[in-house]
Protein chains: 2
Amino acid sequence: MTTNAYRDAGVDIDAGNRAVQLMKEAVRSTFTANVLADVGSFGGLFALDNLPPQPVLVASIDGVGTKVKLASQTGRWRGVGIDLVNHCIDDILVQNARPLFFLDYVASSRLQPQAVAETVGGMAEACRAARCALIGGETAEMPGVYAEGAFDVAGAVVGLAERSRLLPRHDVMAAGDVLVGLRSSGPHTNGYSLIRRAIEGQDLLQVLADGQTLVDALLAPHRCYLPEVETLQAAGLAIKGMAHITGGGFIENVPRTLPQHLAARIVARSWEIPPLFQLLMRWSGVSREEAFRVFNLGIGMVLVLAAADAAPALDLLPDAMVIGRLIERGPVDPAIQLILGDNA
Amino acid sequence: MTTNAYRDAGVDIDAGNRAVQLMKEAVRSTFTANVLADVGSFGGLFALDNLPPQPVLVASIDGVGTKVKLASQTGRWRGVGIDLVNHCIDDILVQNARPLFFLDYVASSRLQPQAVAETVGGMAEACRAARCALIGGETAEMPGVYAEGAFDVAGAVVGLAERSRLLPRHDVMAAGDVLVGLRSSGPHTNGYSLIRRAIEGQDLLQVLADGQTLVDALLAPHRCYLPEVETLQAAGLAIKGMAHITGGGFIENVPRTLPQHLAARIVARSWEIPPLFQLLMRWSGVSREEAFRVFNLGIGMVLVLAAADAAPALDLLPDAMVIGRLIERGPVDPAIQLILGDNA
């Protein structure tokens, strides 16, 4: 039996099988004791044990936006795998969930086994670091759907939380609570359509003021904030809420963690906006206000803490900083106030 | 604040928000009592209750292949949403899992709110029918990644099984067990790259021998086999294993449910291959043997039952049929034997 007719239609089953072989070892390296089935089963099996009293599954699915385009242009696939996993883990971390397992989908016009293996290798690396099992995945060859040479990735994470410990805790938030920002490693996975337009004609190997090349700064993988959150909680500090600064920037994401009667007052000069974002604003002509709606501008996660917990938190996390506080919000006030200073 | 610079780069945040609005009602209609958060939270929340003694989560992620291309060419989005959900549910059903919740990812070069809403509406319809909550989704606009006008969908399902009832049950399978086939509604989600090439130049509105138009036959949504499986199990019939006939057809999928010492003997003349598949084989020049590796040829799910359970199963499911049986397999025998007759 041959599969030549199928291959002529643009689908290469053997190339798919080769890619699967290359990925198997990386995927197995993520397996925890809860994983029951091996790579290649219909569905991934994850045994639930040591459940808290009122277990809640927290799940999220996402892609990494057009950062994939930049990755395929430069042949750097691994970081995109890390991006995808860490983005999803951070999305459920804000509800105080710990990741159990991850599933990935990689699709392109034509399967390049090495590229798929690199991408999944990056996912496995990020999963291992977060003790998250990579229990399922699909690679799809879609001639005519994807632009030639382009690929896309999507992934879903499932985590576990205890119902009584879910965040945000609107009942304990109050005016005067502080907003602590945790540094991002770069744009993470936001704003890449704008970024790709902004960098047209720029030399990707130019060195920025912080010593990174432009391409390295653009492709730096998304940070996972699980270690920071666990450090604070292990020290007994009560995080009241968290905002993952993703699409929609500060403007859309910080209010999602707040109750109706409180607003966030963010003082932009509290931190130095990294050179990459300053260049992107200049090259794209995006206003500083608009930039707060598109980019994370150097802060990838915002935590809400009682004012008394700010100093111990900063001691535990040397690269964290206070970037604002909660204030009372009247019926016609915006949910977020930006105080723009001279930091850009 | 305006988002004009962002829109100029090919991303329309407002169009995204409109699409979200259109989908909200459909998504909410799938919510079961276990769903804790409303549409728009960071992650979807699903409370676990009434857990069996040894709960196992079973998860799968997938797309629908280049069937999306045919859907966008004809503007028929709803069926693709149904395809995606039912395909994923069937993938975990073979391990005896019942779906808890679903997450979707819809991406295109440019967001068409109506198309996205139709697609998600189809997903919600299929989720409601299977009592599966649609607790999360992402719509992504990816100019430059997708071909102009093209879109792709991926989705992940998470289901629950009891460890002692997981399938397949290799320990109880034996030579003489029967293979019961459940009808497919069409090609489901397999082989569409080959199909799209095969139908080039064909009139999509031509009427097939079974009275369907070609386009209706090609786009018939994937069947969900949950009701059939529940009917058999409620009647006390023990399903020993199941194979979902997806990519790789009978050849790759039936062996996945069998132990090393047993092979499947499938008698092709046991059922009538539907007119669509006969035309596709003729138009594409795919051999009959190869067709068993690409298409489901009219059988979307294969169940392994004790021989004594075959008659009661066929009584309960009028459109099911015995399509073969298990035989002993020696060390050099193939895992599947096809007996090709005169039925095509």
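The values are calculated or read from the model by the stated rules, or taken from the named source; none is laboratory data. Because the structure is a prediction, the values reported are computed rather than measured. With ideal geometry, Cβ positions are generated from the backbone for all residues, glycine too; neighbour counts draw on all protein chains shown. Side chains included, ligands, DNA and RNA excluded: accessible areas come from the protein's heavy atoms. Shrake-Rupley method; radii C 1.70, N 1.55, O 1.52, S 1.80 Å.
Would you please state the base-10 log of I(q)/I(0) at q = 0.18 1/Å for segment A:124-194, with intensities from the Debye formula using one equal scatterer on every alpha carbon?
Values returned for q = 0.18 Å⁻¹ are -1.15.
Using only the alpha carbon atoms of chain B, find the Kirkwood hydrodynamic radius as the inverse mean reciprocal pair distance, in angstroms to one decimal.
After inverting the pairwise mean of 1/r, the radius is 21.3 Å.
Identify, for chain A, the residue whose C-beta comes nearest the rotation axis onto chain B, and round that distance to whole Å.
Whole-Å result, nearest residue of chain A to the axis: A:A156, 2.
Taking H placed 1.01 Å from N in the peptide plane, check which residues at least 5 places from B:I336 or on another chain put their amide H under 5 Å from its amide H.
Under 5 Å from the amide H of B:I336 lie the amide H atoms of B:A264, each far enough along the sequence or on another chain.
Considering Cα pairs under 8 angstrom that are at least six residues apart, work out the relative contact order of chain B and quote it in whole percent.
Relative CO of chain B lands at 21 percent.
If you take the beta carbon distance between B:D333 and B:D203 as r and set R0 to 51 Å, what does 1/(1 + (r/R0)^6) give as a FRET efficiency, to the nearest 0.05?
0.70
Along the Cα→Cβ direction, 7 angstrom out, place labels at B:S29 and B:A129. What is the inter-label distance in nm?
1.3
On the accessible surface of chain B, probed at 1.4 Å, how many percent belong to carbon and sulfur atoms?
In chain B, the share of accessible area belonging to carbon and sulfur is 48 percent.
Output wanted: per-residue J couplings in Hz (rounded whole) for segment B:201-206, from phi through Karplus 6.51 cos²θ - 1.76 cosθ + 1.60, θ = phi - 60°, x for Gly and Pro.
For segment B:201-206, the Karplus curve yields x, 7, 7, 5, 9, 5 Hz.
Counting only the heavy atoms of the protein chains, how much of B:T32 is accessible to a 1.4 Å probe, in Å² to the nearest 10?
B:T32 has an accessible surface of roughly 50 Å² with all protein chains in place.
Quick one: which residues, 5 or more positions from A:I135 or on another chain, have an amide H under 5 Å from its amide H? H modelled 1.01 Å from N in the peptide plane, none for Pro or chain starts.
Amide H neighbours of A:I135: A:F102.
With all pairs of different alpha carbon atoms counted, what Kirkwood hydrodynamic radius in Å does segment A:178-339 show?
Across segment A:178-339, the inverse of the average 1/r is 16.4 Å.
For segment B:206-254, how big is Rg over Rh, using alpha carbon atoms and the Kirkwood form of Rh?
Reported Rg/Rh (Cα atoms, Kirkwood Rh): 1.13.
Give, in whole angstrom and from largest to smallest, the semi-axes √(5λ) of the equivalent ellipsoid of the protein assembly as shown, with λ running over the eigenvalues of the Cα gyration tensor.
Semi-axes (√(5λ), whole Å): 46, 28, 22.
Once the label point is set 7 Å along the Cα-to-beta-carbon vector, what list of distances in nm do you get between A:Q54 and its counterparts in the other copies?
Taking the point 7 Å beyond Cα along Cα→Cβ, the inter-copy spacings are 3.0 nm.
Counting protein heavy atoms only and a 1.4 angstrom probe, how many square angstrom of accessible surface do chains A and B bury in total, to the nearest 100?
6300
Per residue, how much accessible area does the protein assembly as shown have with a 1.4 Å probe, in Å²?
It amounts to 36 Å² per residue over the protein assembly as shown.
Spelling out what I want: for every residue of segment B:307-318, take phi, set θ = phi - 60°, compute 6.51 cos²θ - 1.76 cosθ + 1.60 (Karplus), and round to whole Hz; glycine and proline get x.
Along segment B:307-318, the couplings run 4, 5, 8, 5, 4, x, 5, 5, 5, 6, 10, x Hz.
Report, as a whole number in µm² per second, the diffusion coefficient that Stokes-Einstein gives for segment B:226-310 at 25 °C and 0.890 mPa s using the Kirkwood radius over alpha carbon pairs.
Using the Kirkwood radius from Cα pairs, D works out to 172 µm²/s.
Roughly how tilted is helix A:78-93, in degrees to the nearest 10 and between 0 and 90, from the longest Cα axis of chain A?
50
Calculated FRET efficiency, A:T231 and A:E272, Cβ-Cβ r, R0 30 Å, to nearest 0.05?
Using R0 = 30 Å, I get an efficiency of 0.80.
Sequence-distant or interchain residues sharing an amide H contact under 5 Å with A:A147, placed H: which?
Amide H to amide H, under 5 Å and 5 or more residues apart or across chains, A:A147 pairs with B:Y146, B:A147.
State log₁₀ I(q)/I(0) for segment A:5-165 at q = 0.10 Å⁻¹ as given by the Debye formula over alpha-carbon point scatterers of equal weight, solvent excluded.
Debye output, listed in q order: -0.37.
Above 15 angstrom, tally the Cα pairs of segment A:67-150 and express them as a % of all pairs, no decimals.
For segment A:67-150, the fraction of Cα-Cα distances above 15 Å is 57 percent.
Based on C-alpha coordinates, I'd like the Rg and Dmax of segment A:235-285, in Å.
Expressed in Å, the Cα Rg and Dmax of segment A:235-285 come to 14.3, 44.
Given the whole protein assembly as supplied and a 1.4 Å probe, what does the accessible area of A:H261 come to in Å², nearest 10?
Accessible area, nearest 10 Å²: 90 Å².
Check each residue of segment A:270-305 and keep those whose accessible area, probe 1.4 Å, is at least 20 Å² smaller with all protein chains in place than in the chain alone; give them in order of residue number.
A:E289, A:E290, A:R293, A:V294
At a probe radius of 1.4 Å, what is the per-residue accessible area of B:L316, in Å² to the nearest 10?
Solvent-accessible area, nearest 10 Å²: 70 Å².
Give a residue-ordered list of calculated ³J(HN,Hα) values for segment A:119-131 (Karplus: 6.51 cos²θ - 1.76 cosθ + 1.60, θ = phi - 60°; whole Hz; x for Gly, Pro).
4, 5, x, x, 4, 4, 4, 5, 5, 4, 4, 9, 6
Below 8 Å between Cα atoms, with a sequence gap of 6+, how large is the relative contact order for segment B:178-339 in percent?
In percent, rounded to a whole number, it is 42.
Against the 2.2 N^0.38 Å scaling, with N counting residues, where does segment B:124-258 land? I'd like the Cα-based Rg ratio to two decimal places.
That ratio works out to 1.33.
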